[in-house]
Amino acid sequence: MNTMRIRPRQQIYGALLARIHAEAFADRFAPAWPWLAAQIGEASARPCLFDIGCGDGRWLAHAIETGIEGEGIDISEEFVRLAQARGLRGLRVRHDSAQHVAPPPQTTAATALGEVLAYKPASLAPAIRRLARALPPGGLIFFDLPGPDTPEGDDDRGGKGWRLSVRARKSGRDLLRKIQVETARGREIELHELRLFAPEEALEIVEGLGLAGEILESYGPCPLAPGRFAIRAVKP
């Protein structure tokens, strides 16, 4: 008889899922990091990155290694702990939500990689509004979102000591993911709700807030997952 405890979670990326993500998925955008760093570095004499949804801090750490100053936030307390364990201590990484994003005053560029601004409750427009106010002329924003063509499906995979099962279904303009994580420590279920955006809709939000926007099919050499798109926004 299986006696492992099942713990449904209200918050996303709890301890089990965050650690598995860091082990198996955190390098998803690694091919984009040099391209993003070049874009940010060329846009300012003193580039400073604000990474929204920084996860375990790998992209932020890469940016800092290239000479870009940087800070990050994440809604997952476990991700913040993992990032701090990487050496991003003090004010480098803090626990916060994209809904209430407060960019440091020296910020010249912001990134939100991995559908961060699509998670409900809605954070795209509030985050872009705050960034548009904070960035200097020439400031950059890069983010990606799931589009209406994002596929449904089931995925089951495992690694050393863990098993991850994901069931993704669309309901109207929402993408619902039921994620079950199983390790020796127990089993947790997380429910993730994301908003599906048409590329033109996201571009309209960006441009309505006074930024110049461009729809991207990739981050430089790094392709996006099926059905996703990215936006590059510049403050005039």
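Values in this text are rule-based calculations from the coordinates and carry no lab data. Please read these numbers as outputs of a predicted model, since none were measured by experiment. In this analysis, Cβ positions are derived from the backbone assuming ideal geometry, glycine residues included, and neighbour counts consider all displayed protein chains.
Sparsely packed loop sites in segment 71-121 (the trypsin sites (Lys or Arg not before Pro) outside DSSP H, G, I, E and B with at most 16 other Cβ atoms within 10 Å) comprise 86, 89. On the basis of the beta-carbon distance and an R0 of 22 Å, residue 30 and residue 225 show a calculated FRET efficiency of 0.95. Backbone phi angles across segment 162-171, fed through the Karplus curve with coefficients 6.51, -1.76 and 1.60 (θ = phi - 60°), yield HN-Hα couplings of 8, 9, 10, 10, 10, 10, 10, 9, 9, 9 Hz in residue order; Gly and Pro are listed as x. Residues 156, 74, 96, arranged from fewest to most other Cβ atoms within 10 angstrom of their Cβ, appear as 156, 96, 74. If you restrict to DSSP beta bridges whose two residues both lie in the chain, what percentage is antiparallel, to the nearest 5? Of the beta bridges lying entirely in the chain, close to 70 percent run antiparallel. Name the longest site-free stretch of the chain, where the excluded sites are GluC sites (Glu not before Pro) in a DSSP loop with no more than 16 other beta-carbon atoms within 10 Å. Longest run free of exposed loop sites: 1-151. Label positions at residue 166 and residue 187, each projected 7 Å from the Cα along the C-beta direction, are separated by 2.0 nm. Against the main long axis of the alpha-carbon atoms of the chain, helix 199-208 sits at an angle near 40°. Under the criterion of Cα pairs below 8 Å and six or more residues apart, the relative contact order for segment 1-139 equals 24 percent. Close amide H pairs (under 5 Å, H built 1.01 Å from N) link residue 187 with 5, 7, residues at least 5 positions away or on another chain. Listed values for segment 66-80 are Karplus-derived 3J(HN,Hα) couplings in whole Hz (6.51 cos²θ - 1.76 cosθ + 1.60, θ = phi - 60°), namely 7, x, 8, 5, x, 9, x, 9, 8, 6, 8, 5, 5, 4, 4, and x replaces Gly and Pro. For residue 70, the residues whose amide H sits under 5 Å from its own are 49, ignoring neighbours fewer than 5 places away on the same chain, with H placed 1.01 Å from N.
Distance between the C-alpha centres of segment 118-180 and segment 186-236: 8 Å, rounded to the whole angstrom. Applying the Karplus relation 6.51 cos²θ - 1.76 cosθ + 1.60 with θ = phi - 60° to segment 19-36 yields 3J(HN,Hα) values of 5, 5, 4, 5, 6, 10, 10, 5, 8, 3, 9, 3, x, 8, 4, x, 5, 5 Hz, where x marks Gly and Pro.
For segment 113-199, the set of trypsin sites (Lys or Arg not before Pro) satisfying both a DSSP loop assignment and a count of at most 16 other C-beta atoms within 10 Å is given as 160, 173, 185.
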